[in-house]
Amino acid sequence: MGALMRKILILICILAIPSVSFAQSKQASWTNLSALHSDQKIQIVGTDGKKHSGVFVSFTDTQIAYHDAKGDQTIEKINVSSVKNMENRHRLRNSLIGAGVGVAAGTGIGIGAHKGDTFGEIGGGVIGAVIGVATGAIVGALLPTHDMIYDVSAHQ
């Protein structure tokens, strides 16, 4: 049982590597804001930790402009800690990743729970896979995925 659990943990770690590499994208450059289009929902975190949410309007070398319930707003670049695109665009990708991790974990747990009983291992593996794929897909779809466009801490 211990060897099986180690293999499952190794598999989960290997499957998580692409997620980590996506997180390591270049977020330090203020010019990344050019990827935003007007009317995209954004969240700006100030250097004071205060969050500002609204719709992207524009940016210059020294400030970012957005529109919220109070109207048009601007924040100086020096006062911006990070900018996120708040639109969820990766639900399908996250569902597929979650389903893959879920089927692997469910199969391993199902087989491991019935170790020594051939028919039990097969049945447990199939039931575990079905439960794992469904659970993983749902969890993956529900995870928020907001693209970090700018993060001043990436400079450090």
message: Restricting to the range 94-125, name every residue that is free of Cβ contacts under 8 Å to residues at least 24 places away in the same chain and in a helix (DSSP H, G or I).
response: Gly110, Ala113, Thr118, Phe119, Gly120, Glu121, Ile122, Gly123, Gly124, Gly125
- request: Determine, yes or no, whether Ile111 is buried (at least 19 other Cβ atoms within 10 Å of the Cβ) and at pLDDT 80 or above.
  value: yes
- prompt: Hey, any hits in the range 50-73 for a residue that's of a type in the set (Asp, Glu) and out of contact with any helix residue (DSSP H, G or I) (no Cβ under 9 Å at 6 or more places or on another chain)?
  reply: yes
task: Considering each residue of the range 31-44, count those that are surrounded by fewer than 19 Cβ atoms within 10 Å (Cβ to Cβ), touching a Ser or Thr at 6+ places or on another chain (Cβ under 8 Å) and without any contact (Cβ under 8 Å) to a residue 60 or more places away in the chain, and give that number.
output: 2
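The values are calculated or read from the model by the stated rules, or taken from the named source; none is laboratory data. Keep in mind it's a predicted model, so treat the numbers as computed, not measured. Glycine gets a Cβ as well: all are built from the backbone with ideal geometry, and neighbour counts include every protein chain shown.
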